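Since every read-out is calculated from the coordinates, none of them should be taken as a lab result. These numbers were taken from a predicted model, which means no experiment stands behind them. Cβ sites come from the backbone with ideal geometry, for glycine too, and all protein chains shown count toward neighbours.
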Amino acid sequence: MEYHFSKTVNISFEEEVEKVIAELQKEGFGIITRIDMKETLKKKINVDFRKYIILGACNPRYAYEALLEEDKLGVFLPCNVVIQEHEVGKVEISIVNPEELMHSVSDLNLRTFATEIKESLQQVLNNC
């Protein structure tokens with residue numbers, strides 16, 4: 001299994017960011033963090049980098065149920081979604097595979113959550 005799912009699209013970076021956010025919302029995810037790596041790297045170490053956004057997506061219901069099962073599970077939260085521009089008009093979306101993260105967890109309930117979340121995140125990627 002891969003630790004992520006990815007897809008490349010031919011749309012502007014800014015449009016794709018908005019589309020991904022809208023698709024995540026349709027699946028019950030909110031954006032709790034947004035990191036602009038291009039801006040951060042320029043500011044912190046004065047290097048130029050491509051457009052690269054990391055969205056921290058969280059479905060509160062899944063997060064709540066998972067944390068009730070395993071209180072340390074927060075180390076895997078939120079679900080990260082990366083949107084990056086490789087060249088003008090070529091944008092890649094990558095989403096974490098929660099099933100892969102759960103290989104180290106023995107709790108079957110958590111693995112079931114991971115499968116549900118994976119299916120929901122794959123739907124987001126399919127619609128982008």
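Does K90 fit the bill of being surrounded by 12 or more Cβ atoms within 10 Å (Cβ to Cβ) and among the basic types (K, R)?
Values: surrounded by 12 or more Cβ atoms within 10 Å (Cβ to Cβ): yes; among the basic types (K, R): yes.
For K90, the condition - surrounded by 12 or more Cβ atoms within 10 Å (Cβ to Cβ) and among the basic types (K, R) - is met.
Which condition does E87 not pass, out of (1) acidic (D, E); (2) under 22 Å from S12 (Cα atoms); (3) in contact (Cβ under 8 Å) with a residue 60 or more places away in the chain, if it passes all the others?
(3)
Quick check, is K51 among the charged types (D, E, K, R), more than 15 Å from K7 (Cα to Cα) and in contact with a strand residue (DSSP E or B) (Cβ under 8 Å, 6 or more places away or on another chain)? If you could, list the steps in order and put the result at the bottom.
On the way: among the charged types (D, E, K, R): yes; more than 15 Å from K7 (Cα to Cα): yes; in contact with a strand residue (DSSP E or B) (Cβ under 8 Å, 6 or more places away or on another chain): yes.
For K51, the condition - among the charged types (D, E, K, R), more than 15 Å from K7 (Cα to Cα) and in contact with a strand residue (DSSP E or B) (Cβ under 8 Å, 6 or more places away or on another chain) - is met.
Results for (1) free of Cβ contacts under 8 Å to residues at least 12 places away in the same chain; (2) closer than 13 Å to V124 by Cβ, shown as yes or no for each residue.
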| residue | (1), (2) |
| --- | --- |
| N10 | no, no |
| E15 | yes, no |
| E23 | no, yes |
| E39 | yes, no |
| N46 | yes, no |
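Restricting attention to the range 9-59, which residues are among the β-branched types (V, I, T) and either farther than 23 Å from I117 by Cβ or surrounded by 15 or more Cβ atoms within 10 Å (Cβ to Cβ) (or both)?
From the range 9-59, those among the β-branched types (V, I, T) are 9, 11, 17, 20-21, 31-33, 35, 40, 45, 47, 53-54; that's our starting set.
The answer is V9, I11, V17, V20, I21, I31, T40, I45, V47, I53, I54.
Within the range 34-50, can one find any residue that is over 23 Å from S104 (Cα atoms), touching a His at 6+ places or on another chain (Cβ under 9 Å) and of a type in the set (S, T, Y)?
From the range 34-50, those over 23 Å from S104 (Cα atoms) are 34-50; that's our starting set.
Still in the running and touching a His at 6+ places or on another chain (Cβ under 9 Å): 50.
Then drop every residue that is not of a type in the set (S, T, Y), which leaves none.
No, the conditions are met nowhere in the range 34-50.
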